[in-house]
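Have a look at the structure below, then the notes.
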Amino acid sequence: MEEVDRLNEAVADNTADKVSSAGAKAAKPVEPPRGFIAEWTVTIILLLFGTTTLVQAFVIPTGSMEDTLLVGDHLLVDKLAYAPAGSVTKHLLPYADVHRGDIIVFRYPMDIRQTFVKRVMGVAGDSIRLENKKVYLNGKLLDEPYVVHKLPYIDSYRDNFPADPNTPLFPAATAMLEHNVKNGSVVVPEGYYFAMGDNRDQSLDSRYWGFVPRENIIGKPLIIYWSYDASTEELSNPAVSATHLFDIITHFATKTRWTRTLRLIRPYPVQ
């Protein structure tokens, strides 16, 4: 999977940045989550009968979703979850709308050949702003236990968004700041989503390239079927692929993160 945040280092160099905050407790999700047995039932069905049409394997090559997803996590992504429901199949298959707090896999809007994974922070009509690293959704301070902050300083744009950019942005982000800011917050338009990484200080996300179009969403991560302690270079640079393969052969037992194997990936009710 090519969720390679190429501008992370550039953002770090240009803005002194490169993915808790306290606040009100999150409200209960609108729809009750599927139970443990139901989740595993769907997982087993996909594992037994799935093809690339139903489920697809990806690997995490960067740390933008730490500590929820780590570099070297190998995922199975449910491609049915957000598929358009037919008149008959909607009663048979677990289709769902995209909700705040969902972790999504999507084609990177700036280059659809790349695949990114982020957390949905805003849906159509939502207003979002950051103050000193803390996120306000529709005027309410969010409790985000999944977020990590790995840089100690406050960046004037990254951590107080939307603000005057202190680093070059992609044109879509510039347009977002020009046309979608109201009363100091970004308002998500219909058919789009605002997404950010859980490693909030080191994520190239909607703050830098704008909204995620609905049609770009591939699916949602379902399970970590294998996790291996590898570097971003090993996972994203074809020149070192042979070295990485040798490393797996010689260190499979010691560098496999066994405690993450077959871990289900769950959303968090961002409300």
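Computed from the coordinates by the stated procedures, all read-outs in this text should not be read as laboratory data. On a predicted model such as this, the values are computed, not experimentally measured, just so you know. Cβ sites come from the backbone with ideal geometry, for glycine too, and all protein chains shown count toward neighbours.
Available extension along the chain between Asp111 and Asp67 is 13.3 nm, counting 0.36 nm per residue and deducting the alpha carbon span. Among the listed pairs Lys118/Lys182; Lys79/Lys182; Lys118/Lys140, give every one whose C-alpha distance is greater than 28 Å. In this structure, Lys79/Lys182 lie more than 28 Å apart at Cα. For the pair Thr261 and Ser231, the difference between a 0.36 nm per residue extended length and the Cα-Cα distance amounts to 9.0 nm. Packing order of peptides 174-180, 121-127, highest average first: 121-127, 174-180 (average count of other Cβ atoms within 10 Å over each peptide's residues).
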